[in-house]
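What follows is a single structure, written as C-alpha cells, with notes after it.
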Amino acid sequence: MPNEILMYGASGFYFLCYIPELYANYVNKNANFYNVPEKVVMLIGTLLAITYALQLNNIALILNYGLCLLVEIIALGMRLYYAIRNHYIVVKEVEIVPA
C-alpha cells in the first residue's frame, strides 16, 4: 500500500504540471508545428507505459499512466488544433497612404 500511495502522489503532481500548459495553450491560442513532434513522442512513450501497466494488472500504474495518456491526448490535440489554425490565418496587410 505505501508504494501505491507514492504512485498516486506522482500521478497528482504530473497532472498538476500539465494544468499551466493546457491553460496557456487555451488562453494564448498559439502553437506551431515545431511543438507537435515532442508531444507525439511523449504520447508514444505513455502508450507503451500504459500497455506495460495493463500487462502487470497494477491498478496504481494503470491510473497513473491512464491520467498521463488523457492529458497527453488533450495537449497534443490542442497543439495540433492551434498549429493548424494559426497556419491558415491570413494576416491582412494595412496599406499606408502617404500624407
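Read-outs: derived from the displayed coordinates by stated rules, not from any lab. Here the structure is a predicted model, which means the values were calculated and not measured. Here the Cβ is made from the backbone with ideal geometry for all residues, glycine too, and neighbour counts use every protein chain on show.
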With Cα atoms, 0 to 90° folded angle of helix 36-56 axis to the chain main axis
20
Just the number, please: Stokes-Einstein D of segment 2-88 in µm²/s, Kirkwood Rh from C-alpha pairs, 4 °C, 1.567 mPa s.
94
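At R0 = 35 Å, how high is the FRET efficiency between VAL27 and LEU48 if r is their beta carbon distance? Nearest 0.05 is fine.
Working: r = 32 Å, r/R0 = 0.90.
Here the calculated transfer efficiency is 0.65.
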If you take the charge dipole of the chain about its Cα centre, with +1 on Lys and Arg Cβ and -1 on Asp and Glu Cβ, which of PRO37, MET78, ASN57 is farthest toward its positive end?
MET78
Restricting to Cα pairs under 8 Å and 6 or more apart, the percent relative contact order of the chain works out to 42
